[in-house]
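Down below is the structure, laid out as structure tokens.
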Amino acid sequence: MVEMTALLEAMGEQGIPLLFLVVSAVMGVIALRKHGSEAQKQRYLPPLARGESKLCFAITEPTAGSNSFRLTALARRDGDRYVLNGQKVFISGANEADALLVVARTTPYGEVRDKRQGLSLFLVPTKSAGVTLQALDVQILHPEKQFSVFFDEVVVPREALLGEEGQGFRYLFDILNPERISGAATAVGLGRLALERAVRYARQRRVFDVPIGAHQGLQHPLAKVKAQLEMASLMAYKAAWLFDQGLSAGAEANMAKFAAAEAAIEACDLAMEVHGGSGFTAECDLITLWPYARLLRTAPVSREMILNYIGEHVLGLPRSY
Ligand SMILES: Cc1cc2nc3c(=O)[nH]c(=O)nc-3n(C[C@H](O)[C@H](O)[C@H](O)COP(=O)(O)OP(=O)(O)OC[C@H]3O[C@@H](n4cnc5c(N)ncnc54)[C@H](O)[C@@H]3O)c2cc1C
């Protein structure tokens, strides 16, 4: 069982940003436990739990973007197997992963009555014939790299289908909230790291007799970002707790991801501010945190899509798109 609260305690609380592959593994484990066949569970769960196997998550496509309903990767049914064609982009850690959790259409968008129908999830080994990776030059200092993944007539046995064909949208609901909660924990961890560095420096550095942290021009923003990070952390825990109880966590997961990413960006920017010119030096090694914090506003789901969700599903406002 994946307990999101335990995951947050283990990682986010320590100021350790989560790796993308850890987040993907969490999503994969949740999907497998809930919807996987016995054979899939036996094959994937023990090595994932032991950390001997890695799984990456592949939903984003160059043309569909945030509109996942419009994804075009197509798994065509062919007897007792599927043939997968299409392209994914920005897939983190695809070179290290043993398998991809791929979201594909089993019925093209134009042929479904409801856009939520016809999506399916597959576990595709990265070494399958017809799977090609192309490294992307994403400029973030992070151990995992991103890849475009091409599927060219990839033969996928029926046993690789997760749950029922065409029910992928429902399964995505189960795993996208944990992704948002993990994203929030990542941002809180990163923000805490930046804040800790800022405070340490603000205590030591003196330019006008007193430590610079005594000046309220710096002290108040540091205090404010501390409050923002702790509020985001609490919301992430609330979302994790709701998820662990099997309750609806959509609103809280989205709000936690929003608040945590914004707080992390502010913390990184503030850490730069506190360090003055030194913040730009390689020796200080601080500016490298900023791109990762900024990424968390955009991925795994963008700030705007989160605000759309809150506007529509929490506040009951009309959908604008
Ligand atoms: C480093 C990195 C790692 C990633 N890892 C993975 C991964 O492992 N697996 C994976 O599948 N994907 C991954 N992604 C993809 C990531 O989830 C997407 O980039 C993100 O969800 C945004 O989608 P997009 O890039 O297609 O932007 P688009 O959908 O093209 O959006 C562009 C801009 O328009 C805004 N926008 C779009 N529609 C609306 C709307 N209706 N209302 C308001 N604003 C709107 C967006 O908010 C955004 O600001 C990764 C991306 C990066 C950069």
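The values are calculated or read from the model by the stated rules, or taken from the named source; none is laboratory data. All values reported here derive from a predicted model rather than from experimental measurement. Cβ placement follows ideal geometry from the backbone for every residue including glycine, while neighbour counts extend to all protein chains displayed.
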State yes or no: is residue 55 more than 16 Å from the ligand (Cβ to nearest atom), touching a residue at least 12 places away in the same chain (Cβ under 8 Å) and in contact with a helix residue (DSSP H, G or I) (Cβ under 7 Å, 6 or more places away or on another chain)? no
For the stretch 219-241, does any single residue satisfy the condition of being at pLDDT 95 or above, within 19 Å of residue 190 (Cα to Cα), acidic (Asp, Glu) and in a helix (DSSP H, G or I)? yes
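Residues 91, 140: which one is of a type outside the set (Asp, Glu), near the ligand (Cβ under 9 Å from one of its atoms) and either modelled with pLDDT under 95 or assigned by TED's automatic domain parsing to the domain that holds residue 285 (or both)?
Testing whether each residue is of a type outside the set (Asp, Glu), near the ligand (Cβ under 9 Å from one of its atoms) and either modelled with pLDDT under 95 or assigned by TED's automatic domain parsing to the domain that holds residue 285 (or both) leaves just 140.
Matching residues to (1) surrounded by 15 or more Cβ atoms within 10 Å (Cβ to Cβ); (2) part of a helix (DSSP H, G or I):
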{"site": "33", "(1), (2)": "no, yes"}
{"site": "47", "(1), (2)": "no, yes"}
{"site": "57", "(1), (2)": "yes, no"}
{"site": "60", "(1), (2)": "yes, no"}
{"site": "69", "(1), (2)": "yes, yes"}
{"site": "89", "(1), (2)": "yes, no"}
{"site": "101", "(1), (2)": "yes, no"}
{"site": "104", "(1), (2)": "yes, no"}
Residue check for residue 252: buried (at least 21 other Cβ atoms within 10 Å of the Cβ), in a helix (DSSP H, G or I) and more than 14 Å from the ligand (Cβ to nearest atom): yes
Residues that are modelled with pLDDT of 95 or more, more than 16 Å from residue 21 (Cβ to Cβ) and surrounded by 14 or more Cβ atoms within 10 Å (Cβ to Cβ): does the stretch 143-150 have at least one? yes
In the stretch 262-319, which residues are closer than 25 Å to residue 176 by Cα and part of a loop (DSSP other than H, G, I, E, B)? 299, 300, 301, 302, 315, 316, 317, 318, 319
